[in-house]
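Peer 1: Below is the structure I would like to discuss, written out as structure tokens.
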Amino acid sequence: MTTNQKIQRHIGTFLMLLGICSLLYIYYPILRTYFFPPPTPQIQAQTVDSYWIEIPKIKAVAPIVINVDPWDETIYKDALKKGIAHAKGTSLPGKGKTYLFAHSSDYPWNITRYNTAFFKLHELKSGDTITIQNGKSTYTYTVTDIKEVWPTEVEYIKNQTADLILQTCTPIGTDLKRLLVFATLEK
């Protein structure tokens, strides 16, 4: 084997290893979620002004960014990098009709950097619980219904009937439709 062939062989091996490492870096969060789920962390709300959501069934825990304009893409995209967005114009949790939305996915290279707390939201069923907490109160909701709707069906945010609605895009990896989870506040 000539020196040139040896160099080409090493370059080929290096490129294959680099490709495998890149794929692992991109898809590690998805693999970790399904094959090595971390234990559910405790809700971290410590002040009256900060809210956190916990969905035990899907091991989702995330901060809630309050009063995000759901009609302004620039504003809500920035908020979704920090947590679950609370739709401006709806009530705070426990005080009326609350509408929360978040990503179910993002570009694979962004999954670890941006909020994808609703990645497994499609796994919820009627009867599952959702907990929202701030520094002084804990609100427990029970899932009552789940619907898939078209992005143009905005009447759910305008004429909300459930105590809590969670929204994300579906199928995962697209923004084709919206998955809505309806829940009632336990008294």
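What follows draws every value from the coordinates through simple rules; no lab data is involved. In this text, all values refer to a predicted model and were calculated from it rather than measured experimentally.
Peer 1: Would you work out if the range 52-109 is rounded, prolate or oblate? Take a ≥ b ≥ c from the square roots of the eigenvalues of the alpha-carbon gyration tensor; rounded if a/c is under 1.5, else prolate when a/b is larger than b/c, oblate otherwise. Please list the in-between numbers first.
Peer 2: Numbers: a/c = 2.38, a/b = 1.09, b/c = 2.17.
It comes out oblate by the Cα gyration axes.
Peer 1: Moving on. Which residues' amide hydrogens lie under 5 Å from the amide hydrogen of I172, considering only partners 5 or more residues apart or on another chain, with H built in the peptide plane?
Peer 2: Under 5 Å from the amide H of I172: no residue qualifies.
Peer 1: Any aspartates and glutamates with Cα under 17 Å of the K57 Cα? List them, leaving off those in the same chain fewer than 8 positions away.
Peer 2: Qualifying aspartates and glutamates at Cα under 17 Å: E123, D128, D145.
Peer 1: Now for a separate question. Please enumerate, by chain and number, the aspartates and glutamates with C-alpha under 12 Å from the C-alpha of K88, excluding those fewer than 8 residues away in the same chain.
Peer 2: D69, D72
Peer 1: Per-residue HN-Hα couplings for the range 176-187, Karplus 6.51 cos²θ - 1.76 cosθ + 1.60 at θ = phi - 60°, whole Hz, x for Gly and Pro?
Peer 2: Calculated HN-Hα couplings, in order: 4, 10, 10, 9, 10, 10, 9, 9, 10, 6, 6, 8 Hz.
Peer 1: Still on this structure, I have one more. Which ³J(HN,Hα) values, rounded to whole Hz and listed in residue order, are derived for the range 122-130 from phi using the Karplus coefficients 6.51, -1.76 and 1.60 in 6.51 cos²θ - 1.76 cosθ + 1.60 with θ = phi - 60°, glycine and proline given as x?
Peer 2: Couplings: 5, 7, 5, 10, 4, x, 5, 10, 9 Hz.
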